[in-house]
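Only the coordinates and a few stated rules stand behind these numbers; no lab work does. Computed from a predicted model, the values in this text were never measured in an experiment. For neighbour counting, all protein chains shown are included, and Cβ atoms are generated from backbone atoms with ideal geometry for every residue, glycine included.
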Amino acid sequence: MTLDRFIRVKYKVDEAKVARLKELLRELGLDCAKTIEENVDLQFDALRNLHENLDDDEVFIKLVIANSIVSYQLTAKGERWWWEFSQYFSENPPTDSIAEAYAEFLPVSRTNRRLVAGKIKRLEKLEPFLKELTLDDLRRYYFNDMGALRDDLAMVLGSKKNAKTIVFAVKMFGYAGRIAFGEFVPYPMAIEIPDDVRINAYTKRFTNEPPVSFWQKIAEEVSIPPLHIDSILWPVLGGNEEVKERLKKHCNKAEKVLELTIL
């Protein structure tokens, strides 16, 4: 039995929907993902805002990584959380310890109120790693090898390499690096999609296979890395009207992206 046949037997798959999904993604391609990331995703805007206000590339990137690893169990949509983060640290840049800065921020956050003690402990575990990094390390080593960043973050935090916050940290680091360094580096094919609520629910329209393995196969078949597929899907699945208007304004394949949301 071939692997594909085994998967079809093991998991329920709507093959017609999957075929259309792959067709649309191939038509959209990596260029569409990049357009959505930079012109549609409100999280990218939040990072631009923080970068402009901080005027310190190294602190900016380290804050983005730190914020990513506490981006779970939110009390609002992710877009609102990243804007709250952006506005807070634009006005209250950390003077020394990022963990201590979050110990002041999270208890008063409107959009990330849960499990505060555990999140601060994660940041305390991460901080020695971040402190050792220079801006040159971040650009020359990790920006050009994001798989190494994933591996090192997982090791430092004692997490699986495909854990949601680990791969999400890589995605947001890619955004931050693009803003700080003025260069686009595609995400590696080997880094999995973040298995968050939106992606999990969307995946169930096609299959009961676990999202991470499903999207890894889709990514390889359509030649778009999983983190860039996430960029195509995640913003529009949030149902935000501003996102839809931005999509129509900036993406000449907006109708195909919107078709994905109704598959």
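Let me have the relative contact order for the range 1-149, percent, based on Cα pairs under 8 Å that are six or more residues apart. Please report the intermediate quantities before stating the final value.
Values: 86 pairs, mean separation 31.7, N = 149.
Relative contact order comes out at 21 percent.
Within the range 1-119, count lysine pairs with alpha carbon atoms under 27 angstrom apart where the residues are 8 or more positions apart or belong to different chains.
9
What dipole magnitude, in Debye to the nearest 20, does the chain give about its Cα centre under +1 on Lys/Arg Cβ and -1 on Asp/Glu Cβ?
1320
Any chance you could give the angle, 0 to 90 degrees and rounded to 10, that helix 164-181 forms with the longest Cα principal axis of the chain?
The answer is roughly 70 degrees.
Enter the per residue convex hull volume of the range 1-115, computed from alpha-carbon coordinates, in Å³ rounded to the nearest integer.
175
As an exercise, take the mean of 1/r over every pair of distinct alpha carbons in the range 102-219, invert it, and state the Kirkwood radius in angstroms.
15.9
When a/c is below 1.5 the answer is rounded, else prolate if a/b is larger than b/c, else oblate, so apply that to the range 152-263 with a ≥ b ≥ c taken from the square roots of the Cα gyration tensor eigenvalues.
Oblate shape, in that a/c is at least 1.5 and b/c is the bigger or equal ratio.
I'd like the orientation of helix 15-39 relative to the chain: the angle between its Cα long axis and the longest Cα principal axis, in ° from 0 to 90, rounded to 10.
The helix 15-39 is inclined about 30 degrees to the chain.
Considering Cα pairs under 8 angstrom that are at least six residues apart, work out the relative contact order of the chain and quote it in whole percent.
Reported relative contact order: 28 percent.
Among Val257, Ser231, Ala169, pick out the residue whose Cα is farthest towards the positive end of the charge dipole of the chain, where Lys and Arg carry +1 and Asp and Glu carry -1 on C-beta, about the Cα centre.
Of the options given, the answer is Val257.
Measure nothing fancy, just the Cα-based angle from helix 57-69's long axis to the longest principal axis of the chain, in degrees from 0 to 90, nearest 10.
60
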